[in-house]
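Working notes for the structure below.
The values are calculated or read from the model by the stated rules, or taken from the named source; none is laboratory data. Computed from a predicted structure; not experimentally measured. All Cβ positions, even for glycine, are placed from backbone atoms using ideal geometry, and neighbour counts span all protein chains on display.
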Amino acid sequence: MLECAQILLFIFFSRLTRAGGFPYSWPMNSLAIELNDILSGTAAGRLLSETGRRLFFPRGIIAQSAEAGRRAGRFNATVGMSYENGRPMTLPSLMGLFPGFTAHEAVNYAPVGGDPQLRELWKAEMLVKNPGLSGLEFSLPLVTPGLTAGLSLTAELFVNPGDTFIIPDAYWDNYELIFREAKDANFVTFPFFDEEGHINCAGLKEAVMKNSRGGKAVIMLNFPNNPLGYSPSSFESTSLARCIAECADAGTDILVIIDDAYFGLFFDENVARQSFFASLANLHERVLAVKIDGATKEDFVWGFRIAFLTYASKGLSKEHYAALVTKTTAAIRVSFSSSSRIAQSALVKLMTNPSYPVEKEEKLAILKRRYLKVKEILSSRTAGAALRELPFNSGYFMSFLCEGISAEDLRKRLLDKGIGTIALQDRILRIAYQSIDEEGLADMYAALFASADELAGR
């Protein structure tokens, strides 16, 4: 209990100090020092933030409860839960809502790092989806309550105020809150596409080489991209990896965060089918990759809020990964403590159901038909000249660059017609076309093009 209090007090004082308040530094715990010694000499160790360096998992209530769970076969008086006849105490009317679930599966606390069976299942699925990971060492995925939590944990562990955070100029706006506003990172953007319409590898390399501070850079990549709905081809993926390796060769330690929220929603034949994480897992000793993915979109369970965080870097051993996982588990412990038990139990049942892959393929086929319908609409349109479509090949979205009109004005005009869209930076209009049934897409786009023409005075 005392060690947990130390962690909480450290976070409080560190944030106070960052804001110019009381300049106090709590002595580093010996457990944190042990973990730092394990990671010493690796990019993972050098990339840790000040908070990340100080984090450790206390040998307190959680650790002692876990030990008792294995050994206390007679009486277990460690966990703050009420039991009845050897099972978690539940309300019958609640359990009636969850037929097929035991009380343990429904209401018991999940382990801090997540349900062990679910973590193993997700890792096995990662290997099936990413054969390039076969034979490589990478960490067992940790469970987080949604991808946002995974991103926030990564920021807590690896980002100090003033660190360089590099991202393409088409990005999800929550990245600003997590990394720039909450962590005070130096937010650097570069154009997503080059002049030939490919992912701008040269722009990424230039951004790293010009802006990395203290030999450190953090790169955020999101494929399929939100808001563009674009994923790299195999050629682009190889080029991106080469650029990152060249930056590492120049002496920069690089954390690459892979937001794989929409992984697997690939519709064009030219899209690389593997996560970019697979290209980074054994790329360079100075490159640490963090894959943040989840069942959220991949398994159509958005409100379950179950995601995963996985590490990989060339040269890291099982001991290194264990140290990283321990520090991340500590960050979980001092924030949300653990993820939803019943959501994890439901996913275990889903992923071990023989019909699981068949049902997923059926839903993916529906999404691909919507994608092809949108491509058909765009290829034959005769209106909306002020809207230039940006390349898209995957995911939920496509976007238009608004030329000569305001994206925000267009968004409001569409709202007046009962159509919801998203305006970004007053120049990009994002369309989540995968949220519209196929038969409604033609009407929606017709209204969109007509509204753009009205604003342009055509």
For Lys360, work out the one condition from (1) among the charged types (D, E, K, R); (2) surrounded by fewer than 20 Cβ atoms within 10 Å (Cβ to Cβ); (3) not assigned by TED's automatic domain parsing to the domain that holds Glu438 it doesn't fulfil.
(3)
All helices (runs of 4 or more DSSP H) inside region 32-76 with 2 or more residues being modelled with pLDDT of 95 or more, buried (at least 20 other Cβ atoms within 10 Å of the Cβ) and among the small types (Gly, Ala, Ser)
43-47
Please determine whether any residue of region 162-182 is more than 30 Å from Val374 (Cα to Cα) and among the hydroxyl-bearing types (Ser, Thr, Tyr).
yes
Exactly one condition in (1) more than 15 Å from the chain's Cα centre (by Cα); (2) at pLDDT 95 or above; (3) of a type outside the set (Gly, Ala, Ser) is false for Ile292; which is it?
(1)
Which of the residues belonging to region 121-135 are out of contact with any Ser or Thr (no Cβ under 8 Å at 6 or more places or on another chain), assigned to a helix (DSSP H, G or I) and farther than 11 Å from Lys291 by Cβ?
Ala124, Glu125, Val128, Pro131
With the condition kept exactly as written, say whether any residue in region 390-407 is surrounded by 13 or more Cβ atoms within 10 Å (Cβ to Cβ), of a type outside the set (A, V, I, L, M) and without any contact (Cβ under 8 Å) to a residue 24 or more places away in the chain.
no
Do we find a residue being within 25 Å of Val143 (Cα to Cα) and among the basic types (Lys, Arg) anywhere in region 342-356?
yes
Being in contact (Cβ under 8 Å) with a residue 40 or more places away in the chain and more than 26 Å from the chain's Cα centre (by Cα) is the requirement here; does Leu414 meet it?
no
Top-ranked residue of region 260-287 - restricted to ones that are surrounded by 24 or more Cβ atoms within 10 Å (Cβ to Cβ) and among the charged types (D, E, K, R), ranked as farthest from the chain's Cα centre (by Cα):
Arg286
Considering only region 426-442, state which residues are in a loop (DSSP other than H, G, I, E, B), of a type outside the set (Gly, Ala, Ser) and either surrounded by 12 or more Cβ atoms within 10 Å (Cβ to Cβ) or in contact with a Phe, Trp or Tyr (Cβ under 9 Å, 6 or more places away or on another chain) (or both).
Asp426, Arg427, Ile436
Result of the Cβ filter at 8 Å on region 172-188, keeping first residues that are assigned to a helix (DSSP H, G or I) and partners that are of a type in the set (Phe, Trp, Tyr) and surrounded by 14 or more Cβ atoms within 10 Å (Cβ to Cβ), at least 6 apart or interchain, is Glu176/Phe187; Phe179/Phe165; Phe179/Phe187; Arg180/Phe165; Arg180/Phe187
When (1) touching a residue at least 12 places away in the same chain (Cβ under 8 Å); (2) under 22 Å from Asn225 (Cα atoms); (3) more than 30 Å from the chain's Cα centre (by Cα) are applied to Thr421, the one that fails is (3)
Tell me, yes or no, whether region 185-195 has at least one residue that is surrounded by fewer than 16 Cβ atoms within 10 Å (Cβ to Cβ), under 23 Å from Glu298 (Cα atoms), out of contact with any Pro (no Cβ under 6 Å at 6 or more places or on another chain) and polar (S, T, N, Q).
no
Are any residues in region 195-242 in a helix (DSSP H, G or I) and among the hydroxyl-bearing types (Ser, Thr, Tyr), and if so, which ones?
Ser234, Ser237, Thr238, Ser239
